[in-house]
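The values are calculated or read from the model by the stated rules, or taken from the named source; none is laboratory data. What you see is a predicted model, and the numbers here were worked out from it, not measured in a lab. FYI the Cβ positions are ideal-geometry reconstructions off the backbone, even for glycines, and counts take in every protein chain you see.
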Amino acid sequence: MPNDFVSETMLARPHLQPALHQPPRAAHVDLRQFRISKRESQEKFWGRFGVTQSSGSRFETGLAIPAPVAILLKLYVNGKLNDGDLQG
C-alpha cells in the first residue's frame, strides 16, 4: 500500500479513523517523487524533519510514518511550513 500518512493500526481499527464530518484529507503525495522534484538527496530532505536517511528511505517505500513526522510532512507539502521553519 502506498504511504499516504495512514498507519497500519488505523487501517486495522476503523474507530481510530477521522470522523466523517472532517474535511477530506489532502490527495496522496508520492514522497519519493516529491523529494526528487526538489532535487534533494534523502539525507538532506529527511534531515529537515529529524529523520535519518535510512528511515526516510523506508517511509518512501511504504513504512508507516510516525505521527509527529507525518504532521510536519503534511504541513511542508501543503506549503504551510518552509525550510526556514524546520531549521533546528
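Some observations on this one:
- Number of positions in the stretch 60-88 that are among the small types (Gly, Ala, Ser) and not in a helix (DSSP H, G or I): 4
- Residue match in the stretch 34-45 (condition: in contact with an Asp or Glu (Cβ under 8 Å, 6 or more places away or on another chain) and modelled with pLDDT of 95 or more): yes
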